[in-house]
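The values are calculated or read from the model by the stated rules, or taken from the named source; none is laboratory data. Here the structure is a predicted model, which is why all the values come from computation and not from measurement. So basically every Cβ, Gly included, is an ideal-geometry build from the backbone, and we count neighbours across all protein chains shown. In case anyone asks, the SASA skips ligands and DNA or RNA and just uses the protein heavy atoms, side chains included. Shrake-Rupley method; radii C 1.70, N 1.55, O 1.52, S 1.80 Å.
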Amino acid sequence: MDAKQRIAQLREEIDRHSYNYYVLDAPSIPDAEYDKLFRELQELEVKNPTLVTLDSPTRRVGDSALARREGFESVQHVVPMLSIHTETDTEASGALNFDARVRKELETSDEIEYACELKFDGLAINLRYENGFLFSAATRGDGETGEGVTQNILTIKNIPLRLKGCEAPVLEVRGEVYMSRKDFNRYNEKQLEKGLPTLANPRNGAAGTIRQLDPKLAAQRPLSFFAYGLGEVQGWTLPDTHSAILDALKSFDLPVCDERTVVKGPQALAAFHQSIAAKRDALPFDIDGVVYKVNNLALQKQLGFITREPRWAVAHKFPAEEQVTRLNDIEIQVGRTGKLTPVAKLEPVFVGGVTVTNATLHNLFELRRKGVRVGDQVVVRRAGDVIPEVIGRVAPSLNCSHGDISLGVGRADALIPKVKHIPRSSYVHNFSMPSKCPACGSAVVREKGEIDYRCTGGLFCPEQRKQALLHFSSRTAMDIEGLGDKLVDQLVDKQIIHSLPDLYRLDMATLANLDRMAEKSAQNIVAALEQSKHTTLNRFLFALGIRHVGETTAKDLARYFGKLDAIKQASVEQLLNVPDVGPIVAQSIVEFFAEAHNLEVVQQLRELGLHWEENDGTANLVLPLTGKTFVLTGTLPTMSRDEAKAKLEALGAKVAGSVSKKTDCVVAGAEAGSKLEKAQALNVLVWDEAALQALLANNGEGFAA
Ligand code: IVH
């Protein structure tokens, strides 16, 4: 196919998807796919300027349909809101190419200084401050004209209504409105509980919320903001560099992401890209890449723009987190507590950097709402460290039957949508939950008011038993190395293990007889089992798999009671005295130990030699560091972080992973990064290892912060 034919084909396809999206409000393709087509067309047109026509979709830059929607007033941007050229080569070469272009344009071989930032995955917003007060806010729209969304922006808590120390007549701040992963998950959990539609992903959550006409609805969806640039400025002298602008914005109390840096030369750009890719899953919000900007404003000016994209900036992408693939089958997975989860079996697809073949469909309710059926093309998302999920299906074509209405996977489409408007009869699904557990045949029940279906088989159910064994032996529980899922499958399927204590009855002969089990591995497992017998009360409690008792609760219980017998005998009222234990957890613990079968398991495990140290607990005693929160960061000269953590916890302290106003002390070692900066910014006490050692030597006495 020649360029002309391909261009015609791409335009036809893009127009069709735009129509589905804007006019029918029934997106027919995920964003990433749409962008791919759009970029291919852009590139072909750049290479073949004679083929550019006035009606090409590429002329319609940005979300111009927004402005056409009624409801929001149009706002003319004094300084147009630009977009950024996207480098889709996700390798280091993407960064090197950008630097090469910049130096060629500047006709220099000198190293260029760049500001490196994250590319936030939300919605671009212009905040207009006049004389230091937040005056108005608008979306980007088509770059020239946006929508006035001031009321909705006012619901965003981290946007200051008044700047600190800046009374410039006009200061327009540009940045991204986004929804943090935590807020997104919490919102969706609440919606699910209420049986209401959930958000497809945080980006759609942010975009849809800002475009909500009712600010009261917007207020229920927690959003955040990061500033990354400026628009119109009057009466404020610009510094020399972009990074200094961001420093200034930060000093005005505007939220600026700390995950940024200034570097020199192309190698450092690539290194930034790589280091952020490695952290991506751990960030509290979604990003889809990083952004490099020539730091010096004079050089920026010299570089200028091509159409609406500055030559001095580029977005360097990461692998896409959403992909389309075929749903081959739906299987039911049985969890440790008997919960049945529908799992999508997918045609293998590369998404977010890994190949995905299974993805969760969460529960029957979600599955039906998404309307997915075996054989559909579905959108799979893998973001953060979460389990991959199917977020919806792709509408096959425009002239489909009404049963094929797509369930929202679109740009700026807040709620997986419109489900309410699809008459029930037009749902076509070939799936329902089984009435008997697929693993053990026990009855499946759904308790009143609960969403989940559960197998009632308990440890009689081989699948629940397998999961219980895997949980029991996991690293943070009994830490039995080598007991992986393949081995557990065999042990349960061959009826060798019926209950947890059977694990400790395994011998070399039995193990060595199993498939793919060399004598050495069998020895290792016997040794690992033996070693695991000496444990701690909190690990043991966690390993038992009591519902709602996670690692932290197990620690709290062990510390408070000191002895297993005390926990076994504790009443709900007594349990409620343990810090952070609420009624649901307390009830669950009491129920667990009221069950004769569970007491028997515990008894047998002890008889088989499991032991731990017991003490009188802290029920009537307050440890010296009770109520104090420490954060450890960087490399300490002599102690490992785990060691420091264990010693602090033994004295009653909490050791947290991030710094906040509630942190009492940060212990910082070499190469302490953003946590140290944050501690300093919040005026939190900062110590080195020597100070910590002194406190430990004094048994935690005398700590005053
Ligand atoms: S700067 C001159 N910086 O990416 C370029 N944009 O096409 C003006 N975005 O939707 C934008 N993170 O909202 C800039 N650190 C960042 C960004 C960023 C995300 C978004 C922006 C817009 C798109 C640019």
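Remarks
- Net charge dipole size for the stretch 232-356 [Lys, Arg +1 and Asp, Glu -1 on Cβ; Debye, nearest 20]: 240
- Take the convex hull of the alpha carbons in the stretch 567-695; its mean projected area over all directions comes to 10.4 nm².
- Placing +1 on each Lys and Arg Cβ and -1 on each Asp and Glu Cβ, with no other charges, gives the stretch 626-684 a dipole about its Cα centre of roughly 240 debye.
- Ranked order, F365, F318, F592 - accessible area, probe 1.4 Å, largest first: F365, F592, F318
- Burial order of peptide ranges 93-103, 136-146 (average beta-carbon count within 10 Å, highest first): 136-146, 93-103
- Cα lying deepest toward the dipole's positive end in the stretch 547-664, options A566, P579, T663, charges on Cβ: T663
- The stretch 129-150 residues near the modelled S74 label - backbone nitrogen below 13 Å, point 7 Å along Cα→Cβ: 141-148
- Share of carbon and sulfur in the accessible heavy-atom surface of the chain [1.4 Å probe, %]: 50
- Per-peptide packing, taken as the mean over residues of other Cβ atoms within 10 Å, places 684-693, 599-608, 466-475, 199-208 in the sequence 199-208, 466-475, 684-693, 599-608 from highest down.
- Placing D110, D565 in order of accessible area, with the largest value first and a 1.4 Å probe, yields D110, D565.
- Residue ranking by accessible heavy-atom surface, 1.4 Å probe, largest first, among I451, I276 comes out as I451, I276.
- Remark: for residue pairs K486/K555; K466/K520; K190/K662; K654/K675; K119/K182, the C-alpha separation exceeds 22 Å in K486/K555; K466/K520; K190/K662.
- Unit charges at the beta carbon, dipole of the chain: most positive-side option, P80, G265, T108: P80
- Relative contact order computed over the chain (Cα-Cα under 8 Å; 6+ residues apart), in percent: 10
- Charge dipole magnitude, Cβ of K and R +1, D and E -1 - the chain, Cα centre, debye nearest 20: 1280
- Helix axis angle, 3-18 relative to the chain longest principal axis, alpha carbon, degrees: 60
- Cβ-based charge dipole, the stretch 286-343, positive-most Cα from L340, L297, H316: L297
- Taking every protein chain into account, the 1.4 Å probe leaves I332 with about 40 Å² of accessible area, to the nearest ten.
- Solvent accessible area, Å² - V581, 1.4 Å probe, full protein context: 10
- Cβ-derived FRET efficiency at R0 25 Å, E309 paired with A244, nearest 0.05: 0.60
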